[in-house]
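The numbers here are math on the coordinates, done by the rules we state, and not lab data. Fair warning: this is a prediction, and the values are worked out from it, not measured in the lab. Cβ atoms come from the backbone with ideal geometry, glycine included; neighbour counts cover every protein chain shown.
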Amino acid sequence: MTQIPIQGTGPAVGRTSSRYWRSKSAYLGVLPFLLFSGLFLLYPTWNVISGAFQDESGKFGTKVLVEVFNSSSARAGFRNSLEISAQTAIAGSILGGLFAWAMVSGKQGGFFYRYSVALSSVLAQFGGVMLTFAFLATFGFNGLVSTFAIKYAPGSFLAESSWLYGKAGIAVLYTFFQIPLMVLVFLPTLENMKPQWREASDALGGKTYEYWLRVGIPILTPSFAGAALLLFVNSFSAYATAATLINLSDFLTPLAIATALTSEVGGANPAEAKSLSAYMIIVVIIAMSGYALLRRKVSKWEQRR
Amino acid sequence: MNNLTKHFGKVKALDGLSLDIAEGELVALLGPSGCGKTTALRALAGLQELDRGLMIVDGKDVTFQSANKRGMGMVFQAYSLFPHMTARDNVEYGLKLRAHRTSGDKRKARSFELLELVGLSTHANHYPHQLSGGQQQRIALARALAISPKVLLLDEPLSALDAKVRTQLREEIRRIQLELGTTTLFVTHDQEEALSIADRVGVMRNGQLEQIAAPDELYDRPGTAFVAEFVGLTNPISGVVSKGTIELLDSTVKVLKGSITIGQGVALVRPENIEVVASQSGNATVFSASFLGASCRLSINLNDGTRVTAQLPSSDAVGLSAGAPVKVSLLDRPVFVKPII
Amino acid sequence: MKKSIGVRIWRFSIIAVVSFYLLMPLYAMFDFSTKQFGLGGKSRNLDSWRIIPSQPDLVIAITRSLLTALIVMALILFLIVPTAIWVHLKLPILRRPFELLCLLPLAIPAIVIVVGIAPLYRWISINLTESPITLAGVYSMLILPYTYRSLSAALDAVDIHTLAEAARTLGASIGRVIFGIIMPTIKTGIINGSFIAIALVLGEYTISNILNYKTFQVVIAQIGRANGNVAVAVSLASLLFVLFLLLLIPNKKRLGTVLDVDVK
């Protein structure tokens, strides 16, 4: 019942159009996502990039880009952003990296370890607004540390809270969420360090510092640097914290962008916002490319095993 | 299956393959990797599109039917059990999809029946990762059979398993197949597997069917040089063909269909068709002897320098060890002769 | 492994310093929020906490944000995950472009996206609805990199091709394959991706503030200008809530909530 012997008859169905379209129909499956991301992701990206090349009246050209480039306030804001990002990236990566090491060198899977991972996951997402309030509760007026300082160290900067609103304050604030982020990003790399390497080094006669100098640090550096770049981008893009804390409109580039977009006094200048954004994108892409390259290097090493 | 053709870019995976399978038959597709056997199987399952060709099952043209409507049972090489379901759930899956036809109780009964059939009823509530490779494949088989498929398709189901499990499981597959009478297509690159359990074996190469026949016929009367050499061992010995026979090793034997008909050729002689007797005035010397239990394999140097491998029952090989002079001749069985090149 | 005293000291001091840095502000929040209103009264109370439920703006905002989080999760489950599975399964040539698309939000920070998307949301609030829930659209794009990362790892770990084919030959439709077979298999990846999504929605401020929607964080900031104690109390509460959510995820799967994104 299964077969009727066929002697080479039957239509030898060629490459009909129906077969062809059948195979292309799979592309329809990505259509919904494409439309959705086109609307909410690609459109705004295009809007910003193309808008950066327009001026207030919509004419094309690099007029606004040049203006922004030459504006001293924009430059100052940019410099601040870059400085703070670099500082917090370094501080965060060192502190976070060391903490991650402290976690790994203890009991993996133990209570301290798991609780640290959980806390890091949550703190890394701790929004800017809440973070600011946390620090105000600590260092601000009537805060924990400031009231303590008023009593015991009345002359110090901790006794009053103005420092919080300046560069130093922002840096300290940002570092707060850089540390958990570093832990989360760097921890997997540390976990991949094989104890056999240390043992091999010992067996070959190496001392502790030699191991770290020749083996440990070189292996960890690309990953570490990559994580630091990620932290840099994170800090550079941050807006919520600064916006909650400061009212100076262009102390940092994200703030300048917001002002340019929504300023009630003096009129909004979307073109300026877009140009500033374009410069931001450039910085971010450079940093992320660096990150990508470093990650690729690390995964190549991991593959060879 | 008729005139199945499929290209993958420049590579022709299937080249006009045509094949009929009778009801209840187990046909094995055998061939080296890349010969297209898996492609043909997957085409039949509906998982592979063809450039050309026609497939008819039970009188119906299924060529354009989508895979989930063809009613075939398929067993994959590995990793096909749903990891988040127990063995029983896996087996019941196909039945659940046809829920409108079977009630919950009937499903349970059926899945139990099949688990019994493959001998794993005690493991019904285990998860795939708790089962060994052989057990997993048996569950996969039960799952495929649960839906009473018209055709059972097996894509190298044993390749990922240990040798011992392989032998056991193939016997079981055959036993179950005979018991249920399911039409089956079995793809493998292992000739022992194919020959031991199939009703007919189709040898494939480069997308085409070289020969399809019952195992013994394939072995004794290969239709092409490739089949002769792929299935079983052969000794290539040169000789001259004329009038349908060839003279080799002081013997004259008939030549099989498909061989060259006249002139110089290379005969492909099976080891067990070579007769070896101890003889002081022989035409050869034993180079080495391997004792294989029931039979003995002798590596023999002919006086003209060629080396052949002969296989004898051990009782006939007594006294034939390295250095023994022997006389070598051919048993009167037809042989396949291929051209010199 | 022998651990010398030196190493132990190092370890202890690092843990002490970092823990202090991180935990002190949290403690300070607790301390601050239990103070009396106004200038340092001596007594402590839970007034700030108690009045939380009676702040209308806040309650509405929390509800809205939670609802938005639900919508984002729905988008993940019914749009993003199926598409990722579809691409992995049927359109391997699109894998790279799809990956790049999903990682694009990393290169375009929220502050930049809001600049480009402002006209769209202006249109939406005029023609469709003013509700902040519409932010779910852009939020789901913001979480793409993190969600994709979780998904991708899970999809690579399992041989979804064979599973899909097995299900197909047994008679499953493509819908069943995606939702009934593959998604349960990559459950962990989905859960981790969802957790990050919820955390992000609740914590998002940049876009909602600039576009003038009253989301959870925006309202907290608003309250903060009027009443610091309550704002701090709410912040601490939401931190604890997210921590609680995280602890709901069974142990082994938790480390997967890494924010690390592999750009290959």
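Summary table
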{"read-out": "Overall dimensions of chain A as given by Cα atoms, namely Rg and Dmax in Å", "value": "27.3, 104"}
{"read-out": "Sites A:Glu160 and B:His129 - FRET efficiency at Förster radius 60 Å, r taken between beta-carbons, to 0.05", "value": "0.45"}
{"read-out": "Global form of segment A:56-111, assessed from the alpha-carbon gyration tensor, a/c cut-off 1.5", "value": "prolate"}
{"read-out": "DSSP H segments from chain C that extend 15 Å or more along their own axis, Cα-based, with Kyte-Doolittle mean of 0.5 or above", "value": "C:5-33, C:56-75, C:95-107, C:110-127, C:187-203, C:216-226, C:228-248"}
{"read-out": "Descending semi-axes in whole angstrom, ellipsoid equivalent of segment A:125-212, from the Cα gyration tensor", "value": "42, 18, 10"}
{"read-out": "Nearest-0.05 FRET efficiency for C:Ala74 and B:Gln208, computed from C-beta distance (R0 45 Å)", "value": "0.30"}
{"read-out": "Long-range amide H partners of B:Val75 with built H, under 5 Å", "value": "B:Leu153, B:Leu154, B:Asp155"}
{"read-out": "Value of relative contact order over chain C, rounded to a whole percent, pairs C-alpha under 8 Å and six or more apart", "value": "28 percent"}
{"read-out": "Label-point separation, A:Leu293 to B:Lys243 (7 Å along Cα→Cβ), nm", "value": "8.3 nm"}
{"read-out": "Other protein chain Cβ atoms within 10 Å, averaged over every residue that makes up A:39-52", "value": "6"}
{"read-out": "Candidates per GluC sites (Glu not before Pro) in segment A:45-96, loop by DSSP, up to 15 other Cβ within 10 Å", "value": "A:Glu56"}
{"read-out": "Per-pair calculated FRET efficiency, R0 = 51 Å: C:Ser54 and A:Ser73 via Cβ, rounded to 0.05", "value": "0.75"}
{"read-out": "Contour excess over end-to-end distance, with Cα ends at A:Ser57 and A:Ile90 and 0.36 nm allotted per residue", "value": "7.7 nm"}
{"read-out": "Student exercise, chain B dipole from Lys, Arg, Asp, Glu Cβ charges, in Debye to nearest 20", "value": "1000 debye"}
{"read-out": "Taking the C-alpha atoms of segment B:233-339, convex hull volume expressed per residue in Å³", "value": "90 Å³"}
{"read-out": "Distance between modelled label sites at C:Ile5 and A:Ile285, nm, 7 Å Cα→Cβ extension", "value": "5.7 nm"}
{"read-out": "Ranked packing of C:50-56, B:240-246, most packed first, by mean Cβ within 10 Å", "value": "B:240-246, C:50-56"}
{"read-out": "For segment A:192-283: rounded, prolate or oblate by the Cα gyration tensor [a/c cutoff 1.5]", "value": "prolate"}
{"read-out": "10 Å Cβ neighbours from other chains, averaged over peptide A:138-150", "value": "4"}
{"read-out": "Mean separation of Cα contacts under 8 Å, 6 or more apart, over the residue count of chain B: relative contact order %", "value": "17 percent"}
{"read-out": "Percent breakdown of C-alpha pair distances by 10 Å bin, ordered from the shortest bin, for chain C", "value": "6, 23, 27, 23, 14, 6, 1, 0"}
{"read-out": "The protein assembly as shown - convex hull of alpha carbons, volume per residue in Å³", "value": "258 Å³"}
{"read-out": "Over 20 Å between alpha carbons, listed pairs A:Lys24/B:Lys60; B:Lys96/B:Lys150; A:Lys63/A:Lys274; B:Lys12/B:Lys257; A:Lys207/A:Lys297; B:Lys243/B:Lys338", "value": "A:Lys24/B:Lys60; B:Lys12/B:Lys257; A:Lys207/A:Lys297"}
{"read-out": "Cα gyration tensor shape for segment B:182-263, rounded if a/c is under 1.5, else prolate or oblate", "value": "prolate"}
{"read-out": "Of the chymotrypsin sites (Phe, Trp or Tyr not before Pro) in segment A:140-191, those whose Cβ has at most 16 other Cβ within 10 Å and which sit in DSSP loop", "value": "A:Phe141"}
{"read-out": "Computed log₁₀ I(q)/I(0) - Debye formula, equal Cα scatterers, no solvent, segment B:2-220, q 0.13, 0.16, 0.18, 0.19 Å⁻¹", "value": "-0.74, -1.10, -1.34, -1.45"}
{"read-out": "Residue among C:Thr185, C:Thr129, C:Thr34 with the largest mean-square fluctuation in a Gaussian network model of chain C, springs linking Cα atoms under 10 Å", "value": "C:Thr129"}
{"read-out": "Separation in nanometres of the label points that stand 7 Å from Cα toward Cβ, at B:Ala278 and C:Arg225", "value": "11.3 nm"}
{"read-out": "Rg [Å, one decimal], Dmax [Å, integer] - segment B:39-126, C-alpha atoms", "value": "15.6, 46"}
{"read-out": "Average beta carbon contacts from partner chains per residue of B:67-80, 10 Å cutoff", "value": "5"}
